[in-house]
1. Can you list residue pairs whose Cβ atoms sit under 6 Å apart, with the first residue in the range B:1-12 being more than 16 Å from residue A:176 (Cβ to Cβ) and the second being at pLDDT 90 or above? Count only pairs 6 or more apart in sequence or on different chains.
2. Among the residues of the range B:341-359, which ones are out of contact with any Ser or Thr (no Cβ under 6 Å at 6 or more places or on another chain), over 14 Å from residue B:324 (Cβ atoms) and open to solvent by 10 Å² or more (accessible area, probe 1.4 Å)?
3. Checking the condition modelled with pLDDT of 55 or more, aliphatic (A, V, I, L, M) and over 19 Å from residue A:50 (Cβ atoms), which residue from A:148, A:75, A:107 passes?
4. Considering each of B:145, B:136 in turn, give the residue that is out of contact with any Lys or Arg (no Cβ under 9 Å at 6 or more places or on another chain), outside any loop (DSSP other than H, G, I, E, B) and open to solvent by less than 50 Å² (accessible area, probe 1.4 Å).
5. If you scan the range A:25-56, which residues turn out to be at the interface with another protein chain (Cβ under 7 Å from one of its Cβ atoms) and of a type in the set (Asp, Glu)?
6. Give the range A:126-150 a look and list any residue that's more than 21 Å from residue B:14 (Cβ to Cβ), surrounded by 14 or more Cβ atoms within 10 Å (Cβ to Cβ) and away from every other protein chain (no Cβ under 14 Å), or say none.
7. When only residues in the range B:107-132 that are open to solvent by 10 Å² or more (accessible area, probe 1.4 Å) and outside any loop (DSSP other than H, G, I, E, B) count, which is modelled with the highest pLDDT?
8. Among B:14, B:21, which is open to solvent by 70 Å² or more (accessible area, probe 1.4 Å), part of a loop (DSSP other than H, G, I, E, B), within 12 Å of another protein chain (Cβ to nearest Cβ) and at pLDDT 80 or above?
Amino acid sequence: MVESGVHLIESRVEREREVAALFDRHYAPLCRLAYVILGDAGLAEEIVMDALLKTYNSWGGIRDHARTDSYLRRAVVNLCRSKIRRRVIERRVNQETYKREERRAPAWDAEVHETRRLVWEAIKSLPERQRATVVLRYFEDRSEAEIAEILDCAQGTVKSQLSKARAKLERELLPQLAAGRDA
Amino acid sequence: MMPDIENLIRSTLEDVGNSYEPTDTSAARERFLQRKRGRRFRLVISGVAVTAAAVAAALLVYSVPATEETDEAPLPPAAASAPQPIATIAVGEEPTSISSGPGGVWVAQADSVQRIDPEAGRVTAQGELEAPGDEVVEGEGSVWVTDAEGSVTRFAPVGDDLVLQGRYSVVDREDAHLDIATVPGAFVAADPERGLIYELNIEELDDPPLDGLYGLSEDEDSSIAPTDVVYGLDRLWLLDGAAGNLGAQGSGDRFPVPAGQNADLAVDGTALWVAGGTAGRVVKVDPETGERLIDIVVDGAHTDLAVGGGFIWALTGAPDTASVLRQIDPATGEIVGEPLVLEGRPTDVTFAAGSAWVSDGDGGLVIRIEPGRP
């Protein structure tokens, strides 16, 4: 009885270490990913906390722990997409929420970063799946195969989402940037 | 020469990412570990059948000084033909709502949901809430409690224990008041501010797909902004109290009803009942035609309804006036006996185990009421 008690305590301590390590390894990069998708620091940290807890709670059901990175990213990206979808509804019916989002945007230096501001505004106007795909590709430098695994879709879908997103951004941005240069 | 769009995207996103650092990572780490431990602790406690919840509930019962009764206490009898209080049960805090189901009578309050066992006449289980409780309903094998942060906490009643199953965000704002119900396979919440019905798919809650969506879906029907929802007669019924509109989900039929703020909706075996809140009426409505079959004038600015024991129970009240409970014959609309005047601040009514049960927000009590005889 004593021996099994010792084992139990040891395994619990080991588990605590694992969980703490899981947090240390993933928290900051995941927050950054969520922030770049959403542009809202508070919300990004809240989402990452939920994703880590959810993954921890499903730990026993995860067959391949080597893929924890993918699972976590999938949870974070999907929570972000869910938030974006909900905000679309909120914007329709609740102007205050929309204003709050604008207030939390990064403090751009207007002169130096005008181009960046325009580009990011355009990225944020993309549909939620295209937005997540673009961030995973160009911010996290993920391959199409990795993005497909995170978004749980076919590689062809990733390819077409990226292509549509690029085309839309080009359509919106290039005339604005050209006008800025002419001025 | 125009810049390459891919380079622009990449450098912009890098700038955005570099402009941000997570705030206080060590505090977040501690919060994470605490939430993880807290969840395990709650599950372990309930899993090993240590009835801590029941003990805590009992302690609460004993700690309420306003009521010397620890369990049920006899009150003076009222007129024989009228409904009369037969017991009070201390629940310790200010109950906001009360409902009933196969597991017993459920009371939501500031920091917990409590189960009253009608047979024992006392609180036998308690589940902790992370935010002040609002509405409670039992259905689809679980007890669901909404809270002031727009979330719903789900418990499984197992014997005398309440096992925490999860807490899910329904709306992203505080002080949201959602009316709730269960339908086969789902929990639903009506959000009058957004004009939305939120639906949590129970199968997906039980087997979450690791996507964080919790099976949440939204149904927007521009013809109605539901303040109340109830499931019955194989349909989910929606009441827009403010506009005085009543109808079933997915149906285009909308019936005008006399209703205002703080209205309530109930279904008996054949008909719909609307207590009109500030409209000061209780009406029985034909679910197929919308015809008003019974129309009773009541006073009061807020109303709650319950169905049970062959009667409709209508609780009405207004600020600075005593609340009144009416026992209504659903066939004739006649009031059984004299309306029962209740002191304190009654907040809600339900029916279970042959009695009506009224929660009292001022006294931290639940009052058990025996039906009158027609």
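1. B:10/A:138
2. Going through the range B:341-359, the residues out of contact with any Ser or Thr (no Cβ under 6 Å at 6 or more places or on another chain) turn out to be B:341, B:343-345, B:349, B:351, B:353-356, B:358.
Add one more test, that the residue is over 14 Å from residue B:324 (Cβ atoms), and what stays is B:351, B:353-355.
Correct list: B:351, B:353, B:354.
3. A:148
4. Every option except B:136 fails the conditions.
5. Selection gives A:45, A:50.
6. Answer for the range A:126-150, where residues must be more than 21 Å from residue B:14 (Cβ to Cβ), surrounded by 14 or more Cβ atoms within 10 Å (Cβ to Cβ) and away from every other protein chain (no Cβ under 14 Å): A:127, A:148.
7. Taking the range B:107-132 first, the residues open to solvent by 10 Å² or more (accessible area, probe 1.4 Å) are B:110-111, B:115, B:117-120, B:122, B:126, B:128-130, B:132.
With outside any loop (DSSP other than H, G, I, E, B) added as a condition, the list becomes B:115, B:117, B:122, B:126, B:128.
On the way: B:115: 94, B:117: 91, B:122: 88, B:126: 91, B:128: 90.
Filtering first and then ranking leaves B:115.
8. Working: B:14 fails: part of a loop (DSSP other than H, G, I, E, B).
Selected residue: B:21, the only one of B:14, B:21 that is open to solvent by 70 Å² or more (accessible area, probe 1.4 Å), part of a loop (DSSP other than H, G, I, E, B), within 12 Å of another protein chain (Cβ to nearest Cβ) and at pLDDT 80 or above.
The values are calculated or read from the model by the stated rules, or taken from the named source; none is laboratory data. Given the structure is predicted, the values throughout are model-derived calculations rather than measurements. Reconstructed Cβ throughout: ideal geometry from the backbone, glycine too, with neighbour counts over all protein chains shown. Quick note on the areas: whole protein, heavy atoms, side chains included, nothing else; ligands and nucleic acids left out. Shrake-Rupley method; radii C 1.70, N 1.55, O 1.52, S 1.80 Å.
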